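Presented below is the structure to which this report refers.
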Amino acid sequence: MSRPGLRLVFAGTPEFSVPCLEACRASGAEVVAVYTQPDRPAGRGRKLTPSPIKQAALAAGIVVEQPESLKSAQTQQALAAYRPDLLVVVAYGLILPRKVLAIPRLGCWNVHASLLPRWRGAAPIQRAILAGDSASGVDLMQMEAGLDTGPVLLQRRTPIAREDTGGSLHDRLSRLGAEVLAEGLRRTLAGEALTAMPQPAEGVTYAHKLDKAEARLDFSRPARELEQQVRAFDPWPVAEGEIAGEPLRIWAAQAIELDHHATPGSVLAAGRGGIDLACGHGALRVTALQRAGGKRIGAVDYLNARPELRQPQ
């Protein structure tokens, strides 16, 4: 027997969350309010800019709330006044206190971009690529007080391809998140109680927030690890390294098997295929890079500006 309806509050902030908000709107549930972080300075002018979720909510005519935190009794009372059956949280960026988790009749759902319990925390997409994981996915999770510790309701998996970057995997998981959320809402609206599977106690890892300092390439490390670093940090914060003394942003590179005894970071070869840099094991072939103050260019264009680096590959 179908439920008469579902009052839903959505909480999210970045672009990753937008497909999930659209899934909520398309599900037949009533989205009574959207919570998102306060407008932040962005761009060169540091102008206050609304989040992607705020822009999407306003365009859809949905009420937007932007509290600095959810800890105050007043803020919690305002949320309770919406009488939500369910609170859906997708990359919101604020901690939900226990009293908030207890407000909705059906509790709080979270769409998390990893295969829990691996990569709980802030940067699961990039950490999966950085670690060389063969797969990632999204979990629809029933939230509890711990950090991404709640039982899993539904899951979608996707392989991580050798060509995947932080950006491409982000976009794919954003779409998968909307799909898994749509299924959860459809089944709930149809009167089904989703089975909550506790997370395994083994295999817990934490995806700590990215730091720009991590972008620096250490060429004494194996080339495969550096390739994963370059891929994980595209589009942010972008890997950084030197080629023949010039600091550069490294946008695209691939590890190649190559025996050598050269100093890590030195140029082994440079030509149409890219610029091969010596690593602790193997070599890193750089194919796209960016000079200070410039734009992203291919290795061939860079070599046209630095012809002295050309060597047979």
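The values are calculated or read from the model by the stated rules, or taken from the named source; none is laboratory data. On a predicted model such as this, the values are computed, not experimentally measured, just so you know. As a convention, Cβ positions derive from the backbone with ideal geometry for all residues, glycine included, and neighbour counts pool all protein chains shown.
Looking at region 257-278, is at least one residue small (Gly, Ala, Ser), in contact with a Ser or Thr (Cβ under 8 Å, 6 or more places away or on another chain) and part of a helix (DSSP H, G or I)?
Scanning region 257-278, I find no residue that is small (Gly, Ala, Ser), in contact with a Ser or Thr (Cβ under 8 Å, 6 or more places away or on another chain) and part of a helix (DSSP H, G or I), so the answer is no.
Looking only at residues that are closer than 17 Å to Ile125 by Cα and without any contact (Cβ under 8 Å) to a residue 40 or more places away in the chain in region 173-220, which one is surrounded by the fewest Cβ atoms within 10 Å (Cβ to Cβ)?
Asp211
Taking the stated definitions as given, is Pro41 in contact with a Ser or Thr (Cβ under 8 Å, 6 or more places away or on another chain), in the same structural domain as Asp171 (by TED's automatic domain parsing), surrounded by fewer than 16 Cβ atoms within 10 Å (Cβ to Cβ) and under 26 Å from Asp171 (Cβ atoms)?
Answer is yes for this residue.
Going by what's in this entry, would Glu242 be described as outside the structural domain of Asp133 (by TED's automatic domain parsing), at negative phi and out of contact with any Gly (no Cβ under 8 Å at 6 or more places or on another chain)?
no
Given the residues Arg172, Arg156, which is the only one that is under 22 Å from Leu115 (Cα atoms), in the same structural domain as Arg105 (by TED's automatic domain parsing) and in a helix (DSSP H, G or I)?
Arg172
Do the conditions hold for Ala223, that is, is it touching a Cys at 6+ places or on another chain (Cβ under 6 Å), of a type in the set (A, V, I, L, M) and either surrounded by 15 or more Cβ atoms within 10 Å (Cβ to Cβ) or modelled with pLDDT under 95 (or both)?
Taking the combined requirement at face value, the residue satisfies it.
Report, by residue number, each residue of region 6-55 that is of a type outside the set (Asp, Glu), on the phi < 0 side of the Ramachandran plot and in a loop (DSSP other than H, G, I, E, B).
Leu6, Thr13, Pro14, Ser27, Ala29, Thr36, Gln37, Pro38, Arg44, Gly45, Pro50, Ser51
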